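**Q** For reference, the structure I am asking about is given below.
The values are calculated or read from the model by the stated rules, or taken from the named source; none is laboratory data. Only a predicted model underlies this, so the values are computations on that prediction, with no experimental measurement involved. Quick reminder, even Gly has a Cβ in these numbers, built from the backbone with ideal geometry, and neighbours come from all protein chains shown. Accessible surface areas use protein heavy atoms only, side chains included; no ligands, DNA or RNA. Shrake-Rupley method; radii C 1.70, N 1.55, O 1.52, S 1.80 Å.
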Amino acid sequence: MTTQSSIREEKTCPNCKAVLAVDRSRPGAPASCPECGGALADEERAPRAEDALAFLVLIYPLGPGVGTRYALGVEPTTIGTADGCDIRLLDGSVAERHTQIALEGGEHVVADLDNKTGTFVNQVRVARHLLQDGDYLHVGGVIFRYLAGGDVEAAYHEEIYRLTIMDSLSGIHNRRYMIEFLDRELSRALRHRRPLSLIMCDIDGFMSVNAKYGHLCGDLVLRELAMFLKALVRKEDLCARYGGDEFAIVLPETEHAHAVTIAAQLRQVVERHTFVVYEERPIRISVSAGVVSTLGDRPLSPAELIRQADAKVIAAKQAGRNRVMG
């Protein structure tokens, strides 16, 4: 029996502009777009992905659509929830016609279409902005990465790898990478009998922030807190979003007393900071943190050290919140 080989080719959906891998082994066979459900006929009016000048890559929210590429060409691209939008997003934080990207002088410019939740580039709210390769575009609660330049294909595959180790909402490493990093550093600490510390911190009453201001505002708080974490650590340290509103800092070559000092600095900075002015209302939060350490004198697993740190976070909350337990 002869088996016909599959001929796969990238096409851009004419309905939502998602880049699809289409089987062309059967001429004329329609392919269904997994993003919008529309049929992609075998016809030349659908532009090839390789003809795109740049791409938007969906990196948040996580789910089946993460990693989807949207081709940006010569024609303007409108993003929103309305049926006529070029990139249609089914997300309550996105306006009907939220944002438009247009080619101006050979470069893509994003323009906010005067909506309540705004358009952000690299966490800064913009009315109009010239996009640069690697920019993060926030449309409501949805985040894209803008890829352009000489080798868009290589940049796309690099971005897909980055999605496996980074938390796309906060911009810092994710839980998976943090556990792998902690495992390596614990082994090194044991081998050389060197100190290592772990800080786990949790936002106090974060559910009330989401309930009072909405999840979009909660996302902004998480991103800003992640920026504080990155500012506190050295290159050899690691900060990560462990899950939800819980963050972790792994501190190799750091004794317990110094790690407690770092956690106390974080607590004080967060307590004094006005996080987001949302609808002209300031948002203040606090964190509770737990600190655990090892001198590398006995074997420890990542799960055991995390469990010890979590227990101290719980103790900090039970003691009144907004404090460090070391």
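**Q** Per residue and in Å³, how big is the convex hull formed by the alpha-carbon atoms of region 187-314?
**A** Cα-based convex hull of region 187-314, divided per residue, equals 93 Å³.
**Q** Ranking request for peptides 162-173, 264-275: highest mean number of other beta-carbon atoms within 10 Å first, then the rest in descending order. Write down the numbers at each step before the final one.
**A** Working: 162-173: 18.4, 264-275: 15.4.
For the peptides 162-173, 264-275, the packing ranking is 162-173, 264-275.
**Q** Would you mind getting me the FRET efficiency between Arg272 and Tyr161? Use the beta-carbon distance for r and R0 = 45 Å, nearest 0.05.
**A** 0.75
**Q** Estimate the FRET efficiency between Asn210 and Arg298 by the formula 1/(1 + (r/R0)^6), using the beta-carbon distance for r and 30 Å for R0, to the nearest 0.05.
**A** Here the calculated transfer efficiency is 0.15.
**Q** If you roll a 1.4 Å probe over the heavy atoms of the protein chains, what accessible area per residue do you get for region 167-326, in Å²?
**A** 47 Å²
**Q** State the extension gain, in nm to one decimal, for the chain segment bounded by Gln265 and Met227, taking 0.36 nm per residue of separation less the distance between their alpha-carbons.
**A** Using 0.36 nm per residue and subtracting the Cα-Cα distance, I get 12.3 nm.
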